[in-house]
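Right, one structure below, let's go through it.
Every number here is computed from the coordinates shown, using simple stated rules; none is lab data. Please read all numbers here as calculations on a predicted model, not as lab measurements. Cβ sites come from the backbone with ideal geometry, for glycine too, and all protein chains shown count toward neighbours.
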Amino acid sequence: MSTPSAVPDVVGRLRAAGCVFAEDEARLLHDAARTPAELDALVDRRAAGEPLEHLLGWVEFAGLRLAVEAGVFVPRRRTELLAREAAALAAPGSAVVELCCGVCAVGAAVAAAVPGIDLHAADIDPVAVRCARRNVPRAHVYEGDLDAPLPVSLRGRVDVLVANAPYVPTEAVGMMPPEARLHEPLVALDGGADGLDVQRRVIAAAPLWLAGGGHLLIETSGAQSPHTAAVMEAAGLHAQVVRDEERDATAVIATRPPRTSEP
Ligand SMILES: C[S@@+](CC[C@H](N)C(=O)[O-])C[C@H]1O[C@@H](n2cnc3c(N)ncnc32)[C@H](O)[C@@H]1O
C-alpha cells in the first residue's frame, strides 16, 4: 500500500497493544495491506492479539519464507537448531521424515540445505498439512496420527526422522502467551502431564522406520532434555543433547545402532 499516512498512528496503536517491535510490524502490515481499510483492520486484529504471521500469511524460517494460514502453529526461530542438525545428518538421496510437521518448516529447511533428499512429512492438522504441501511441493505430505499415514515402503529405510512434537506440559499451556494459547491449536502445544506424551509415542515408533545407523532428532526443552534422552536410550537408541544458547533451543539426537545383519 502506498499511502502510509492514510491510517493514523499505526505504530502507536501497536505499541500500546504491547508489540515490542511495533515499527517493524507496522512496516510489514503496511506492505501486506492493499487499502487503508485493510491496514486498519489488520492493525486492529494484531492489537487484539492475533499472531503477526497469521495476519501476514507467512513466516521467515531458516532464510525461507513459508506459508502459514490462520490457526496453524507458527514455526519458532529456536526450531532452526533442529533443522540445522537434521540437515547436517542428511545427504543427497537420504530418506528424511518429519513427523508432527506443522507447516513443514524443518523439512523445507533440510530440503533447501540438502538438495535431492526424499522428504516425507505428516501432521494431524489438515490446515497445517495444506500449508506443508504449499511450502514443500516436492515432499510427500500425509494427514494423520503420527507415523500412521507413512507408506510401509519406508520401514527400516529412514535415514533422518525429525519431530518438533508438542512438549508443553498440560498445566503450563494456560501460562503461554495469548498469541499461542488463543490462536494456535491445543493439539500443537499440549504434550500431556509431563509434556512428553507425544515424544514418547514418536520414540516408540522410531525403530520401525529408522535404517541401521539412522537418526532421530526431537526438539525439547532444556529441563525436559534428560527425560527425552532417557526415553530414547530405553528404546535402544544412543542419545545426545545439543543446545543453542542464543536461540534458547534444545534438541536430542539419537542414533539407531547398525542392524546386526549389517556390516
Ligand atoms: C509444536 S507444533 C510443531 C510444528 C512443526 N514441527 C514446527 O516446528 O513448526 C506440533 C505439531 O504436532 C502436530 N501434532 C500433535 N499431535 C499429533 C499427532 N498425534 N499426530 C500428528 N501430528 C500431531 C500438531 O498438529 C502440530 O502441527
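Quick notes on this structure:
- Estimated Rh, the chain: Kirkwood, alpha-carbon pairs, angstrom: 19.3 Å
- Rounded to whole numbers, the Karplus 3J(HN,Hα) couplings from phi for the range 46-55 are 5, 5, 7, x, 5, x, 3, 5, 5, 6 Hz, using 6.51 cos²θ - 1.76 cosθ + 1.60 with θ = phi - 60°, and x at Gly and Pro.
- Within the range 43-70: backbone nitrogen closer than 20 Å to the R134 label point (7 Å, Cα to C-beta): 43, 45-46, 50-70
- Segment R247-D145, extension gain: residue separation times 0.36 nm, minus the distance between their alpha carbons: 33.8 nm
- Here the range 4-67 is described by how far its Cα atoms reach on the three principal axes: 34, 25, 17 Å, from widest to narrowest.
- Calculated on alpha-carbon atoms, Rg and Dmax of the range 102-220 in Å: 14.7, 43
- Each residue of the range 180-197 was assigned a 3J(HN,Hα) from its phi angle through the Karplus expression (A = 6.51, B = -1.76, C = 1.60, θ = phi - 60°), giving 7, 4, 9, 10, 10, x, 4, 5, 7, 10, 7, x, x, 3, 9, x, 9, 4 Hz with x at Gly and Pro.
- Of F73, V158, V198, farthest towards positive along the dipole that unit charges on Lys, Arg, Asp, Glu beta carbons give the range 57-200: V158
- Stretching T170 away from A41 to a fully extended chain increases their span by 43.1 nm, per 0.36 nm per residue minus the current alpha-carbon distance.
- Residue-averaged [θ]222 nm for the chain, counting only DSSP H segments that reach four residues, each worth -39500 (n - 2.57): -10500 deg cm²/dmol
- Cβ-placed point charges (K, R +1; D, E -1), dipole of the chain about Cα centre in debye, nearest 20: 560 debye
- Inter-part distance, the range 41-69 to the range 105-169, computed on C-alpha centroids, equals 22 Å.
- Amide H to amide H distances under 5 Å link F61 with L66, where only residues 5 or more positions off or on other chains count and H is placed in the peptide plane.
- The spacing between the range 81-102 and the range 225-253, judged by their C-alpha centroids, is 16 Å.
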